[in-house]
Each structure stands twice: as structure tokens, then as C-alpha cells.
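Chemist: After the C-alpha cells below, expect a handful of questions from me.
The values are calculated or read from the model by the stated rules, or taken from the named source; none is laboratory data. What you see is a predicted model, and the numbers here were worked out from it, not measured in a lab. So basically every Cβ, Gly included, is an ideal-geometry build from the backbone, and we count neighbours across all protein chains shown. These accessible areas exclude ligands, DNA and RNA; they are computed on the full protein's heavy atoms, side chains included. Shrake-Rupley method; radii C 1.70, N 1.55, O 1.52, S 1.80 Å.
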Amino acid sequence: MKTAVFAQRLNGGMRIVLIAIAALLIGGAIYRWLAAPAIVEVAIFLVLAVVALLLLFVKITVRVHQGGVDIHFSGGLFDEQVPASAITGVSAGPTTKLSDGAGKRHIEGATAFIVGGPTVRIEHGADELGAPQSTLVSVKDPDEAIAAIEALIARTQSH
């Protein structure tokens, strides 16, 4: 099986909000410097602006390979591996919005790795009480990701 990789960066409204925050912080730093130079306060504004700008590069990478599905959130902050043998189904998930945030969340009873936009729901195994477990992950093209995971399921079931 050929490995399929899907990447999704921070999406839509979240990018706009971060750019606005960074612009306000940079503006605040300039204003503070011009009003009465205070190096510590200006440095704090600029550090926060840099953090906001760095968050623009947050990305989720989904790797579908013969061993399963690997989910990697930028910087190794969150990682999850779903073994191929545990995957029982895949479907389109909800489209997440700015209000859902970004990162590792719990949405609709699933562990979610999101950056905004369309998601794929991967069904796998059961929890301690026997309830089905699932993982939601942001992807740019859900249909393509679903096709790759369905191919993985078919390959796993045929062996």
C-alpha cells in the first residue's frame, strides 16, 4: 500500500483573528515605545506578537499507511496512532469553526485534532464500557482521506 499524506493548516477565521491580534500587539508595542520608551513592556508586546504569528503555521498531518493512521499536530504537541487492525469505519465528520478552537479537543463524543474546516471521523475499537471510540481529524479534502482509509480497511480485512 502506498502511503497517503494529508496536511491541513490553521483555517479561515482563526488565521484572521491571529493576524489581527499580532497587528494589535505590534501596534501596541510601537505606541508604547513612542509614548514613553519602556523596553520590558515593548518586549512583552513583541514576544506575544511573534507567538501569534508562529501560531499561523500550526498544521495537522495525517499519514495513512499499511500499519494504520498516524496523526501529528505541529511541533509534536499531540500525536496519535490508530492501528489498521483497530479501524472499523471512516466517514465525513463535522466542519469545525472558529468557536471550536484548534488543537486536541472532544467534539461529538470523539477525540478531535482540529485546525478548523472539514474533518474525517475514524471509528476504532471501544472504550472500557464498550462504547465505540472515534477520532476526528481536520483534512483539506475529506473525500480523498476517506478513500485512502477505506482502502486501508479493505486491505486489512482481506488479510
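Chemist: Nearest 20 debye, what's the magnitude of the dipole of segment 68-135 about its Cα centre given +1 on Lys and Arg Cβ and -1 on Asp and Glu Cβ?
Modeler: 240
Chemist: Which angle from 0 to 90°, rounded to the nearest 10, does the C-alpha axis of helix 142-158 make with the longest principal axis of the chain?
Modeler: 30
Chemist: Still on this structure, I have one more. Please name whichever of V82, L152, P142 sits farthest to the positive end of the charge dipole of segment 73-159, dipole taken about the Cα centre and charges placed at Cβ: Lys and Arg +1, Asp and Glu -1.
Modeler: Most positive-ward Cα: P142.
Chemist: For segment 121-134, what does the Karplus curve 6.51 cos²θ - 1.76 cosθ + 1.60, with θ = phi - 60°, yield as ³J(HN,Hα) per residue in whole Hz, taken in order and with x for Gly and Pro?
Modeler: 9, 9, 8, 7, x, 9, 7, 4, 8, x, 6, x, 9, 8
Chemist: Cα-Cα pairs above 27 Å in the chain: how many percent?
Modeler: 36
Chemist: Any idea what the relative contact order of segment 66-151 is, in percent, if you count C-alpha pairs under 8 Å spaced at least 6 apart?
Modeler: 26
Chemist: Could you go through segment 96-106 in sequence order and give the Karplus-derived ³J(HN,Hα) for each residue, using 6.51 cos²θ - 1.76 cosθ + 1.60 with θ = phi - 60°, rounded to whole Hz, and x for Gly and Pro?
Modeler: Per-residue couplings from phi come out as 7, 10, 3, 5, 7, x, 9, x, 8, 9, 10 Hz.
Chemist: Same structure again: In the chain, what percent of the accessible surface is made up of carbon and sulfur (1.4 Å probe, ligands and nucleic acids excluded)?
Modeler: 63
Chemist: Can you compute the charge dipole magnitude of segment 18-136 about its Cα centre, using +1 on each Lys and Arg Cβ and -1 on each Asp and Glu Cβ, nothing else charged? Give it in debye, rounded to the nearest 20.
Modeler: 420
Chemist: Show me the three semi-axes of the equivalent ellipsoid for segment 1-83, from the C-alpha gyration tensor (sqrt of 5 times each eigenvalue), largest first, rounded to whole Å.
Modeler: The three semi-axes for segment 1-83 are 39, 12, 7 Å.
Chemist: Might you tell me the accessible area per residue for the chain, computed with a 1.4 Å probe and given in Å²?
Modeler: Counting only protein heavy atoms, the per-residue value for the chain is 55 Å².
Chemist: A further question follows. Sketch the reach of a paramagnetic label on Q157 as a point 7 Å from Cα along Cα-to-Cβ, and name the residues of segment 85-99 whose backbone nitrogen lies under 16 Å away.
Modeler: 85-92
Chemist: Let me ask something additional. Show which lysines lie in cross-link reach of K140 when reach means a straight Cα distance below 18 angstrom and same-chain residues fewer than eight apart are skipped.
Modeler: K59, K97, K104
Chemist: Another one. Express in nm, to one decimal, how much length is gained between E144 and I107 on full extension, taking 0.36 nm for each residue of separation and deducting their alpha carbon distance.
Modeler: Gain on stretching E144 to I107: 11.1 nm.
Chemist: Positive end of the dipole of the chain, charges at C-beta (+1 Lys, Arg; -1 Asp, Glu), about the Cα centre: which of F113, F57, A126 has its Cα farthest in that direction?
Modeler: Result: F57, furthest along the dipole toward the positive end.
Chemist: Cut-off 10 angstrom, C-alpha nodes, Gaussian network model of the chain. Which of A145, A112, A43 fluctuates the most?
Modeler: A43
Chemist: In addition: If amide H atoms are built 1.01 Å from N in the plane of the peptide, which residues on other chains or at least 5 residues away come under 5 Å of the amide H of A92?
Modeler: Result for A92 returns R121.
Chemist: Okay, moving on. Hey, what number do you get for the chain at 222 nm if only DSSP H runs of n ≥ 4 count, each worth -39500 (n - 2.57), divided across all residues, to the nearest 500?
Modeler: It lands at -12500 deg cm²/dmol.
Chemist: Can you give me the angle between helix 12-35 and the longest principal axis of the chain, using Cα atoms only, in degrees from 0 to 90, rounded to the nearest 10?
Modeler: It works out to around 20 degrees.
Chemist: Please work out how much length the chain gains when fully extended from Q81 to A35, using 0.36 nm per residue of separation minus the C-alpha to C-alpha distance, in nm with one decimal.
Modeler: Extending this stretch completely gives an extra 11.4 nm.
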